Amino acid sequence: MTSLDMTFNNEKARTHLASYLSRIRGYSNFDETMKIRVFVDSYGDFAGFEGVDYAIGFLSFNHKISDILNSRVSPFIMTFKAFEEIVSHL
C-alpha cells in the first residue's frame, strides 16, 4: 500500500483535517517541507498523523488509537505539503 491508496471514509473527518492543515500553515515556524508520519488503519483508511520533528498531530475522530497500533500497514513518512495535496484531492 502507498500513500496514494489512502482513503478517507468519513467526509466530515476529512473536512476537519483540511481545516486543521490550513491553520497549521499560519504557525510562525511553519515549514511545508517538514516531515510527518501518516497512520492508516489495516484497510488503508486515514487514522491520524504526527510531526516527525514538531509537536503537531491529528487523530481522526473516526478511529481509536488502537486502530493505529493494530494496523497491518506501516506509517507513511512524507512532507506536510505532499500530505496536504493528497487531502485536498480526495
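Computed values, structure above
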item: Gaussian network model of the chain, springs between alpha carbon atoms under 10 Å - residue of Tyr27, Tyr54, Tyr43 with greatest fluctuation; result: Tyr27
item: For Gly48, residues with placed amide H under 5 Å, excluding near neighbours; result: Phe39, Ser60
item: In sequence order, calculated HN-Hα J values of segment 56-65 (Karplus, 6.51, -1.76, 1.60; Hz; x Gly/Pro); result: 10, x, 7, 10, 4, 5, 8, 9, 9, 4
item: Neighbour cut-off at most 15 other Cβ (10 Å), DSSP loop, trypsin sites (Lys or Arg not before Pro), segment 37-80; result: Lys64, Arg72
item: Evaluated over segment 3-89, the Cα radius of gyration and Dmax, each in Å; result: 12.1, 36
item: Listed residues Ser74, Ser66, Ser28, most fluctuating in the chain (Gaussian network, C-alpha, under 10 Å); result: Ser28
item: On Cα atoms only, tilt of 11-24 relative to the major axis of the chain in degrees; result: 30 degrees
item: Residues whose placed amide H lies under 5 Å from that of Ile56, excluding near-sequence neighbours; result: Gly51
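Laboratory data are not the source of any read-out in this text; all were calculated from the coordinates shown. Since the structure is predicted, the reported quantities are computational estimates derived from the model, not experimental observations. Positions of Cβ are generated from backbone atoms using ideal geometry, with glycine treated the same way; all protein chains shown enter the neighbour counts.
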